[in-house]
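These notes are about the structure you will find just below.
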Amino acid sequence: MIIKFYFDEDASDLALLEAARSRGVEILSTQEAGNRGKSDREQLEFANLTERVLFSYNVGDFIQLHTEFLTDGTQHSGILLTKQRGFGIGEKVRRMLNLINSKFAEEMENELEFLSNW
């Protein structure tokens with residue numbers, strides 16, 4: 001199955017959403033899902049329920065949550081992290097497409113990836 005994304009509240013930049021969607025990337029934003037103001041844990045749990053890889057700029061918190069989920073034996077559909085100022089919009093989309101074209105959604109289960117690696 002192809003990777004689909006869930007953008008957390010911090011990553012829901014309209015320009016990035018539009019650019020990625022115009023290239024065929026399937027994205028659901030926190031705002032579209034009606035999840036504004038929910039905790040990071042709740043966001044990751046929602047991403048798992050909807051079988052989406054969570055995309056966030058919140059590197060520290062989601063590394064910690066990933067570790068907690070693995071320790072507890074709790075499943076998640078994957079996490080993709082990047083720094084907010086690391087890449088321009090075009091480069092972020094290019095790297096997301098590299099990931100999508102290299103892995104299936106099932107291969108992202110319980111995995112944490114950094115956009116910089118793609």
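Take Tyr57: with every protein chain present and a 1.4 Å probe, its accessible area is about 30 Å².
For Lys103, a cut-off of 17 angstrom between C-alpha atoms picks up these aspartates and glutamates, skipping any fewer than 8 places away in its own chain: Glu26, Glu51, Glu111, Glu113.
The three principal axes of the Cα atoms in the stretch 34-80 give end-to-end lengths of 29, 21, 16 Å, sorted in falling order.
Solvent-accessible surface of protein heavy atoms, probed at 1.4 angstrom with all chains present, puts Asp40, Asp8, Asp13, Asp72 in the order Asp72, Asp13, Asp40, Asp8, largest first.
Taking amide H as placed 1.01 Å from N in the peptide plane, Tyr6 has its amide H under 5 Å from the amide H of Leu28, Val53, Leu54, Phe55, each at least 5 places away in sequence or on another chain. Only helices enter this figure: runs of n ≥ 4 DSSP H residues, each worth -39500 (n - 2.57), summed and divided by the residues of the chain, yield -13000 deg cm²/dmol at 222 nm to the nearest 500. Seen from Leu14, the other residues with C-beta closer than 15 Å to its C-beta sum to a net charge of -3, counting Lys and Arg as +1 and Asp and Glu as -1. Figure legend: label point modelled 7 angstrom from the Cα of Arg94 along Cα→Cβ; residues of the stretch 1-27 with amide N under 16 Å from it are 19-20, 23.
Going by a ≥ b ≥ c, the root eigenvalues of the Cα gyration tensor, does the stretch 62-118 fall in the rounded group (a/c under 1.5), the prolate group (a/b larger than b/c) or the oblate group? Since a/c reaches 1.5 but b/c is at least a/b, the shape of the stretch 62-118 is classed as oblate.
For Phe114, the amide hydrogen comes within under 5 Å of the amide hydrogens of Leu81, counting only partners 5 or more places away or on other chains and with H modelled in the peptide plane. Could you list the residues of the stretch 1-31 with an amide nitrogen less than 12 Å from a label point located 7 Å from the Cα of Ala105 in the Cα-to-C-beta direction? Output list for this probe position: 1-6, 26-28. With the charge dipole of the stretch 56-104 set up from +1 on Lys and Arg Cβ and -1 on Asp and Glu Cβ about the Cα centre, the Cα lying farthest toward the positive end among the listed residues Val93, Gly73, Ser56 is that of Val93. Mind pulling up the Rg/Rh value for the chain? Radius of gyration and Kirkwood radius, both on Cα. Rg/Rh: 0.92. Only protein atoms count toward the accessible area here, which uses a 1.4 Å probe; on the stretch 1-82, the carbon and sulfur part of that area reaches 47 percent.
Once the Cα atoms are used to define both axes, helix 59-72 deviates from the longest principal axis of the chain by about 40 degrees.
The angle separating the long axis of helix 89-102 from the principal Cα axis of greatest extent in the chain is about 60 degrees.
For the chain, report the accessible area per residue in Å² (1.4 Å probe, heavy atoms, rounded to an integer). Before the final figure, lay out the partial values.
Numbers: 6050 Å² over 118 residues.
Solvent-accessible surface per residue comes out at 51 Å².
The values are calculated or read from the model by the stated rules, or taken from the named source; none is laboratory data. Everything quoted here is computed from the prediction, not taken from an experiment. So basically every Cβ, Gly included, is an ideal-geometry build from the backbone, and we count neighbours across all protein chains shown. SASA here: full protein model, heavy atoms, side chains in, ligands and nucleic acids out. Shrake-Rupley method; radii C 1.70, N 1.55, O 1.52, S 1.80 Å.
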